[in-house]
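The values are calculated or read from the model by the stated rules, or taken from the named source; none is laboratory data. Keep in mind it's a predicted model, so treat the numbers as computed, not measured. So basically every Cβ, Gly included, is an ideal-geometry build from the backbone, and we count neighbours across all protein chains shown. Note: areas computed on protein heavy atoms with side chains; ligands, DNA, RNA excluded. Shrake-Rupley method; radii C 1.70, N 1.55, O 1.52, S 1.80 Å.
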Amino acid sequence: MASANQFDIQNPLTQYPQPEFPKQPQPVPGLASKMQPVPDHGEKSYKGFGRLKGRKALVTGGDSGIGRAAAIAFAREGADVAINYLPEEQSDADEVIKLIEAEGRKAVAIPGDLKSEEFCKDLVERAHSELGGLDLVANVAGRQKAVESIADLTTEQFDETFKTNVYALFWICKAALPLLPEGATIINTASIQAYEPSASLLDYAPTKSSIVAFSKALSKQVIEQGVRVNVVAPGPVWTPLQTSGGQPQEAIVKFGSQVPMKRPGQPAECAPLYVFLASQESSYITGEVFGVTGGNTLP
Ligand code: NAD
Ligand code: MG
């Protein structure tokens with residue numbers, strides 16, 4: 001049962017839908033609006049308290065899933081937010097832009113493909129100029145396509161997954177750092193897959209361990225500049241990434257059943273961690289990885 005807001009006490013086991021789910025293939029990247037059930041990104045429930053008042057945020061993958069939940073939460077906590085997504089996802093993005101603007105915050109939509117270094121640089125520059133500053137970068141975009149055998153995993157796919165998940169992160173951080181003021185925060189998105197890789201995610205899982213190592217190394221460099229870098233590592237979360245090929249459709253039916261909570265997490269359940277890591281409340285925390293895994297704990 002979804003709650004009035006994120007503070008209502010209730011049993012987490014029954015708080016959100018449990019498997020089985022219908023098979024629901026969609027072409028990549030997939031739309032949140034077409035999922036059954038539609039994910040909870042906190043649209044109705046996330047309650048903010050000004051914890052990010054006046055902040056200027058860039059969220060990649062901000063149209064759907066975990067990125068959308070972070071974008072909504074950032075806006076409700078008082079931040080102006082730029083979101084990036086792929087052009088095919090415009091209808092999901094439009095919903096997020098409306099929700100940010102409904103908070104009286106500035107919303108900037110910057111569609112484009114993160115596999116291009118030129119675009120990543122341009123994205124950061126546009127977010128910075130259109131928001132009138134930048135002090136929060138949440139790298140949430142990612143690509144995941146299950147392939148059962150290494151024999152069928154193409155170089156093109158291996159390359160695209162690394163470009164989207166790792167190179168784009170490098171390009172965005174590199175472009176953003178000269179613009180970030182003291183106190184700014186970077187939040188990167190890894191996965192339980194960094195530690196417990198699935199057989200069918202031979203390209204994706206190592207991108208996620210790369211993100212962990214990259215973020216820890218970067219955190220040690222940039223703390224000199226007063227910038228903190230932390231990582232969120234989700235377990236199974238109900239998003240289009242999973243239903244549009246991240247998992248085989250047979251696995252969608254029982255998605256989330258493998259964790260102690262026996263259900264997938266919802267994007268809304270990830271957002272409070274992004275808010276905490278973005279805000280000055282987490283001032284003595286950098287280079288850390290935090291799981292949101294339904295009990296399938298990180299090592
Ligand atoms: P999602 O599909 O809602 O979000 C992923 C987003 O990545 C898409 O909306 C799209 O805008 C963006 N994207 C993909 N390729 C892109 C490209 N080339 N250029 C620009 N944008 C691109 O799914 P999600 O599950 O919310 O994914 C968000 C992050 O969470 C990803 O990094 C994913 O690896 C990570 N994650 C998800 C799960 C899960 O179970 N859903 C678990 C662990 C980690
Ligand atoms: Mg999307």
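Say whether the condition of being in contact (Cβ under 8 Å) with a residue 24 or more places away in the chain, in contact with a strand residue (DSSP E or B) (Cβ under 6 Å, 6 or more places away or on another chain), within 22 Å of Tyr85 (Cα to Cα) and not basic (Lys, Arg) is met by at least one residue in the stretch 190-200.
yes
Here is a list: Ala233, Ala199, Ala205. Which entry is under 25 Å from Asp152 (Cα atoms), away from ligand 2 (no atom under 16 Å from the Cβ) and open to solvent by less than 10 Å² (accessible area, probe 1.4 Å)?
So the residue among Ala233, Ala199, Ala205 that is under 25 Å from Asp152 (Cα atoms), away from ligand 2 (no atom under 16 Å from the Cβ) and open to solvent by less than 10 Å² (accessible area, probe 1.4 Å) is Ala205.
May I ask you to list the residues in the stretch 215-230 that are touching a residue at least 60 places away in the same chain (Cβ under 8 Å) and surrounded by 23 or more Cβ atoms within 10 Å (Cβ to Cβ)?
Listed by number, the residues that qualify are Ser215, Asn230.
Is there a residue being part of a helix (DSSP H, G or I) and of a type in the set (Val, Ile, Thr) anywhere in the stretch 162-171?
The answer is yes, given that some residue of the stretch 162-171 is part of a helix (DSSP H, G or I) and of a type in the set (Val, Ile, Thr).
Please state which of the following conditions Val232 fails to meet, knowing it meets all the rest: (1) in contact with a Leu (Cβ under 6 Å, 6 or more places away or on another chain); (2) away from ligand 1 (no atom under 11 Å from the Cβ).
(2)
Which condition does Val59 not pass, out of (1) within 12 Å of ligand 1 (Cβ to nearest atom); (2) in a loop (DSSP other than H, G, I, E, B); (3) open to solvent by less than 30 Å² (accessible area, probe 1.4 Å), if it passes all the others?
The one condition Val59 does not meet is (2).
Going through Asp94, Asp80, Asp40 one at a time, which residue ends up being at pLDDT 95 or above, acidic (Asp, Glu) and under 15 Å from the mean Cα position of the chain (by Cα)?
Asp40
Filter the stretch 280-299 down to residues that are assigned to a loop (DSSP other than H, G, I, E, B) and buried (at least 19 other Cβ atoms within 10 Å of the Cβ), then give me how many there are.
3
In the stretch 62-86, what residues are assigned to a helix (DSSP H, G or I), within 11 Å of ligand 2 (Cβ to nearest atom) and of a type outside the set (D, E, K, R)?
Matches in the stretch 62-86: Gly65, Ile66, Gly67.
Collect the residues in the stretch 193-241 that are assigned to a helix (DSSP H, G or I) and over 21 Å from Ser282 (Cβ atoms), keeping them in residue-number order.
Scanning the stretch 193-241 gives Gln193, Tyr204, Ala205, Pro206, Thr207, Lys208, Ser209, Ser210, Pro240, Leu241.
Tell me, please, whether a residue that is over 28 Å from Lys145 (Cα atoms) and out of contact with any Asp or Glu (no Cβ under 9 Å at 6 or more places or on another chain) can be found in the stretch 31-44.
Yes, some residue in the stretch 31-44 is over 28 Å from Lys145 (Cα atoms) and out of contact with any Asp or Glu (no Cβ under 9 Å at 6 or more places or on another chain).
If you take the residues in the stretch 100-141 that are hydrophobic (A, V, I, L, M, F, W, C) and farther than 23 Å from Glu77 by Cβ, which one is nearest to ligand 2 (Cβ to nearest atom)?
Step by step, filter the stretch 100-141, then rank; the result is Leu114.
Looking only at the stretch 112-121, how many residues end up being closer than 18 Å to Ile186 by Cα and either surrounded by fewer than 17 Cβ atoms within 10 Å (Cβ to Cβ) or among the acidic types (Asp, Glu) (or both)?
So the count comes out to 1.
Would you please name the residue that is nearest to Gln24 (Cα to Cα), looking only at residues in the stretch 249-270 that are open to solvent by 40 Å² or more (accessible area, probe 1.4 Å) and outside any helix (DSSP H, G or I)?
Let us first name the residues in the stretch 249-270 that are open to solvent by 40 Å² or more (accessible area, probe 1.4 Å), namely 250, 254, 257-258, 260-262, 269.
This time we only want the ones that are outside any helix (DSSP H, G or I), so: 254, 257-258, 260-262.
Details: Lys254: 13, Ser257: 17, Gln258: 20, Pro260: 24, Met261: 23, Lys262: 20 Å.
Only one residue fits best here, namely Lys254.
Please work out which residue is farthest from ligand 2 (Cβ to nearest atom), limiting yourself to the stretch 142-161 and to residues that are open to solvent by 30 Å² or more (accessible area, probe 1.4 Å) and touching a helix residue (DSSP H, G or I) at 6+ places or on another chain (Cβ under 7 Å).
Taking the candidates together, the pick is Lys145.
For the stretch 175-188, check the following and say yes or no: at least one residue is within 19 Å of the chain's Cα centre (by Cα), within 12 Å of ligand 1 (Cβ to nearest atom) and open to solvent by 10 Å² or more (accessible area, probe 1.4 Å).
No, there is no match, as no residue in the stretch 175-188 is within 19 Å of the chain's Cα centre (by Cα), within 12 Å of ligand 1 (Cβ to nearest atom) and open to solvent by 10 Å² or more (accessible area, probe 1.4 Å).
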